[in-house]
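A quick write-up on the structure given underneath.
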Amino acid sequence: MTDEALQDRYAPRGTCFGCGPVNEKGLRIKSLVRGEEVVASWRAEKHHEAFPGALSGGIAGTLLDCHSNWTAAYHLMRRSGTATPPCTVTAEYAVELLRPTPTDGPIELVARPVEVGDDRAVIEAELRAGGKVCATCRGTFVAVKPGHPAYHRW
């Protein structure tokens, strides 16, 4: 895999708040494949804080959701042998906020598949900052078919 982000390669016109490259007000995360894991590095701005120096829990959840969703889409694509990832949606996910996430440096996301089926994947992810795991996520992400209201082609 190249150093090109999954979002830029497969959804360059994506508008998602968390990961859409063209959403000027979005978070614009960039998920990169590193073996079985998908990683990202992101920097918060002051308006992403819950209080000075600490990331909003809602932003942490969005980062984990979008990054995990892309991890699922990538691994579903690999399993099916297709050239592009399926459109995936979050079926369920749970975030555990372990400690305040400092915003004075990079925030790292690391996600890995736990289970990959024909149309869904279970993903576990971590959000790290300041050398510590600040939040974790486990979720199920499902591929949707053409005609479904959530379906879109990049």
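Table for the structure above
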{"read-out": "Residue 132 - accessible surface, heavy atoms, 1.4 Å probe, Å² rounded to 10", "value": "110"}
{"read-out": "For residue 49, distant residues with modelled amide H under 5 Å away", "value": "56"}
{"read-out": "Degrees separating the helix 57-80 axis from the principal Cα axis of the chain, which is the longest one", "value": "30"}
{"read-out": "Exposure of residue 32 as accessible area (Å², to 10), given a probe of 1.4 Å and all protein chains", "value": "40"}
{"read-out": "Probe 1.4 Å, protein heavy atoms only - accessible area per residue of the chain in square angstrom", "value": "51"}
{"read-out": "Inter-centroid distance (Cα atoms) of the stretch 107-146 relative to the stretch 42-102, Å", "value": "7"}
{"read-out": "Accessible carbon and sulfur surface of the stretch 1-68 relative to its total accessible area, %, 1.4 Å", "value": "51"}
{"read-out": "Other-chain or far-sequence residues with amide H under 5 Å of residue 91's (modelled H)", "value": "140, 141, 142"}
{"read-out": "Heavy-atom accessible area order for 145, 30, largest first, 1.4 Å probe", "value": "145, 30"}
{"read-out": "Convex hull of the chain built on C-alpha atoms - directionally averaged projected area, nm²", "value": "8.6"}
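The values are calculated or read from the model by the stated rules, or taken from the named source; none is laboratory data. Predicted model, so just to flag it, every value in this text is computed and none were measured. To get the accessible areas, we keep the full protein, side chains included, count just its heavy atoms, and leave off ligands, DNA and RNA. Shrake-Rupley method; radii C 1.70, N 1.55, O 1.52, S 1.80 Å.
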